[in-house]
Every structure is written in structure tokens, then in C-alpha cells.
Amino acid sequence: MKKSIAIVGAGFSGAVIANQLAHAGYTVEVFESRPHVAGNCHSERDAETGVMVHAYGPHIFHTDNERAWEFVNRFSTFKPFVNRVKAITNGQVFTLPINLLTINQFFGKTMRPAEAAEFLAALGDKTIDNPQTFEDQALRFVGRELYEAFFKTYTVKQWGLDPSELPASILKRLPVRFNYDDNYFSHKYQGMPEDGYTALVQKIIDVPGVTVHLNTRFDPASKGDYEHVFYSGPIDAWFKHSEGRLPYRTLDFKMFRDTGDYQGNAVINVCDNSQEYTRITEHKHFSPWETHEGTVCYAEYSRQCEENDIPYYPIRMARDKEQLERYINIAKQEPNVTFVGRLGTYRYLDMDVTIHEALSTSDKFLECARDKQPMPAFVVNPLG
Ligand code: UDP
């Protein structure tokens, strides 16, 4: 009898692979330990207010990738939404990412774009040639004052580490603009799924041939019952942490309700030490096409992920690389298992990249099956 495919995890990675392989004629079993699909993108309506809540923190879909955008639009209408983040520091409110308004307001000036670019270049530390750390990247491109006001303290709160220990790649997520564009993202497409992320993922996974087992942990020992396993859980958990625990940050949310408009924006960061939390998300602003009397907010606190916590952000410091390499090497020796997604490859991935990689993973699997070649453990180099 033809064996089926097991997929561990019903987040974007698992759902997209299930969808693609079921369409190609495979029988797919999806195992999800939580009571819902969509992983950390899960959204649900708050019973009291009716507000659509991003249960594991804010998720804004943004991409330049045509294939990922076309794919998600097949399953949901995307409503226009532009993330315009505000930041509180030293008793004032600014706009992020750092743009001409931020710079002019911060320094009490009225500079035009070229003047501001020149001004910031003069503040940057030009002795830093090839910034490797978060701190060097910030000092090189925005200078000490803006770094300390907007990045240093927020980053310590978010990562529990000094920015000098973190890679420059984290800061490179944020642009610096010399115009008044305060769109947090620079991507061509941006929006919110009209009925939330869970409805979207449910539609992706809802294909004949796919069976979803919620509240069900997959035991790696049963991998032999399947033709192939796609695993989107934490790579270290698959190997029972044989090489030690890879470090993650987890988040705690303090939820509170109010009426009307609590803060006037979806996301407000607190970049200084005036609050322990990193940001407050007011969820109703993610659905500006809806009207609700009540409002639901999350104050977000970050801390080290312990054994029974939900892992959110992989902490990829240079000193953890060896441990990760050991996991990658043993994963490569594991036949018929492919490691996918944020947790399977231990990378800080946005949703669109996750979806695009899942589509590439399914393509690769079908190609390998056709050519009778073994499917690799990784389709994307996790160290790349
Ligand atoms: N960051 C910061 N100050 C801010 C916003 C972000 O220092 O006001 C830094 C922080 O280290 C954060 C990183 O930039 O982890 C990436 O920010 P992003 O908004 O992309 O984080 P996410 O929404 O994925 O948590």
C-alpha cells in the first residue's frame, strides 16, 4: 500500500506543503499539537468585543514575492493595511522606521532629504567598515543618539542581550528613510487577510487528501510509518535536545480591554525603560474596515524561552553557530525527513518567506519523487 506523507505542524509551512502535495495526489496527515491551525499567526475573535485578535502577537503580511502573494490571495481577500509604527522614547512620540519626520523631530530641525542624509552620515561612525553586530550597524548608519533612543534599550528588552552580541541582520530588517514615508515595510504588497490568518490557513489546508489531527503530538519514532516527514517543529526537539537546547525568546502578553480607541494606532513601541514591555498592540486597528465599540490590547513582554514555553524568536548569536551546525549535520543523516520553517531551520522568518520556501520545498519533493532522487533534509541552507 502506498504510504502517506506526515507533516508536523499546521502553521504556514505545514499548510502550504500539505496543500501542494495533496493536489499532486498524495495522502497527507498533518499533526498539530495545539488546538488550532496557523501556528503563531493564529487569530481569533475576542468573545467580549468581537475584535479579531492576533493571539501570538502582531502579524502583518508584507512581501515582494509574487508567488507567495498570488498564493495567499487564492485563499483570502487581503484588505489594505499599512503598518505605521509609533515609538515612545524620552517622553515623546515619534514615527518609525526612522524617517525624515523622526530625524527632524528628534533633532529639532527642518531638514530636507539631502540635508538629513548628510547630517546622519556625519553622525555615523565611519570607522566601522563592515558592521557585523547590531550595535555596529546602528552606530555606522544612524549614530549614537538615535541608536540609544530607539534601538539599544528596546533591543535589550526584546532579546535580553546587548546589541553588541546580536547580528547586524536583525537591524537590517528596518529601513532608514530620508523622506516622510513612515510605512514600516518597503515591500510592494501589504495587507491583512479579511477573516484572519486562521481562516486563511484553514482554507489552505482544507484540501481532499489532507487529514489534520489537532491536539496531537507527532512522535519522531513513528517516522517509518510514512513515506516522508516534513517537520516544522523546533529542530532541537526532533532530536530530543541531544546537542543541548537552542536558545529562543518567548513572549508573554498582558491582555486588557477598554472602550473606543485606546492608543490610536495598531502598534506603539516603547523604546526606553519607562515600561518593561516592548510594545502595545491594539488589535482592532489591524481591521480598520470593521467597527467595534470595545477594544483589545496586548502589552508584550519578551523573555528567555524555557522548557514549556512557546518558542518565538531564534536567538542566532555567533557563539550558538556550532551547536546549530551539529543539529544540521545530524538532520542531514536523518532519512526521509525534511526540516522546514522558522523552527525547523532555526531562522527569523517572515510569513511570506516561510510560504515561498514551503512552495519551493513541495516543488523539490515532487521533482525528487519524479527523478527517484532522495529528498534533502533542507531545501534552504539554514546557515545561509
Ligand atoms: N527594534 C528596535 N526598536 C524598535 C523596533 C525594533 O530596537 O522600536 C529592533 C529590535 O532589536 C527588534 C528588531 O529591531 O527585534 C526587528 O524589529 P521588528 O519590528 O522587525 O521586530 P518583530 O516585529 O519581528 O518583533
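The values are calculated or read from the model by the stated rules, or taken from the named source; none is laboratory data. All values reported here derive from a predicted model rather than from experimental measurement. No Cβ is skipped: glycine too gets one built from the backbone with ideal geometry, and neighbour counts run over all protein chains shown. Side chains are part of the model used for accessible areas, which takes the heavy atoms of the whole protein and leaves out ligands, DNA and RNA. Shrake-Rupley method; radii C 1.70, N 1.55, O 1.52, S 1.80 Å.
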Practice problem: Give the residue that is most open to solvent (accessible area, probe 1.4 Å), with candidates limited to residues of the range 164-192 that are within 10 Å of the ligand (Cβ to nearest atom) and either among the polar types (S, T, N, Q) or at pLDDT below 95 (or both). | Solution: 172
Exercise. Evaluate the following for residue 241: is it open to solvent by 60 Å² or more (accessible area, probe 1.4 Å), assigned to a loop (DSSP other than H, G, I, E, B), of a type outside the set (Val, Ile, Thr) and at pLDDT 95 or above?
Key: no
Quiz item: Of the residues 207, 296, 229, which is in a loop (DSSP other than H, G, I, E, B) and touching a residue at least 12 places away in the same chain (Cβ under 8 Å)?
Solution: 207
Quiz prompt | Matching entry among 359, 349 (being of a type in the set (A, V, I, L, M), within 16 Å of the ligand (Cβ to nearest atom) and at pLDDT 95 or above) | solution = 349
Quiz item: In the range 152-163, is there at least one residue being of a type in the set (Asp, Glu), in a loop (DSSP other than H, G, I, E, B) and in contact with an Asp or Glu (Cβ under 8 Å, 6 or more places away or on another chain)?
Solution: yes
Exercise. Among the candidates 236, 219, 252, 206, single out the residue that is open to solvent by 50 Å² or more (accessible area, probe 1.4 Å) and closer than 28 Å to residue 300 by Cα.
Key: 252
Quiz item: Mind checking whether some residue in the range 333-346 is assigned to a helix (DSSP H, G or I), on the phi > 0 side of the Ramachandran plot and either open to solvent by less than 70 Å² (accessible area, probe 1.4 Å) or away from the ligand (no atom under 16 Å from the Cβ) (or both)?
Solution: yes
Quiz prompt | Positions within the range 270-286 being closer than 14 Å to residue 58 by Cα and touching a helix residue (DSSP H, G or I) at 6+ places or on another chain (Cβ under 6 Å), in sequence order | solution = 278
Quiz item: Are any residues in the range 255-283 among the charged types (D, E, K, R) and either under 25 Å from residue 89 (Cβ atoms) or at pLDDT below 95 (or both), and if so, which ones?
Solution: 258, 261, 272, 276, 279, 282
Quiz item: Any idea which of (1) more than 27 Å from residue 188 (Cα to Cα); (2) away from the ligand (no atom under 16 Å from the Cβ) is the one residue 106 doesn't satisfy?
Solution: (2)
Exercise. Mind telling me which of the residues 14, 9, 25 ends up being over 30 Å from residue 262 (Cα atoms), away from the ligand (no atom under 16 Å from the Cβ) and open to solvent by 40 Å² or more (accessible area, probe 1.4 Å)?
Key: 25
Quiz item: Which of the residues that make up the range 123-152 are within 9 Å of the ligand (Cβ to nearest atom) and open to solvent by 30 Å² or more (accessible area, probe 1.4 Å)?
Solution: 152
Self-check item: Selected residue (criterion: farthest from the ligand (Cβ to nearest atom)) from residues of the range 227-275 that are within 18 Å of the chain's Cα centre (by Cα) and of a type in the set (D, E, K, R)
Solution: 252
Quiz item: Any residue at all in the range 302-312 that is open to solvent by 40 Å² or more (accessible area, probe 1.4 Å), of a type in the set (Asp, Glu), in contact (Cβ under 8 Å) with a residue 24 or more places away in the chain and touching a Leu at 6+ places or on another chain (Cβ under 8 Å)?
Solution: no
Exercise. Could you list, in sequence order, all residues of the range 276-297 that are open to solvent by 30 Å² or more (accessible area, probe 1.4 Å) and within 13 Å of the ligand (Cβ to nearest atom)?
Key: 277, 279
Practice problem: State all residues of the range 61-92 that are open to solvent by less than 20 Å² (accessible area, probe 1.4 Å) and within 16 Å of the ligand (Cβ to nearest atom); if no residue qualifies, say none. | Solution: 61, 62, 63, 81, 83, 85, 87, 89
Quiz item: Name the residues in the range 33-59 that are open to solvent by 10 Å² or more (accessible area, probe 1.4 Å), touching a residue at least 24 places away in the same chain (Cβ under 8 Å) and part of a loop (DSSP other than H, G, I, E, B), would you?
Solution: 33, 34, 35, 36, 42, 46, 48, 49, 50, 56, 58, 59
Practice problem: Assess whether residue 112 counts as being charged (D, E, K, R), within 9 Å of the ligand (Cβ to nearest atom) and open to solvent by 60 Å² or more (accessible area, probe 1.4 Å). | Solution: no
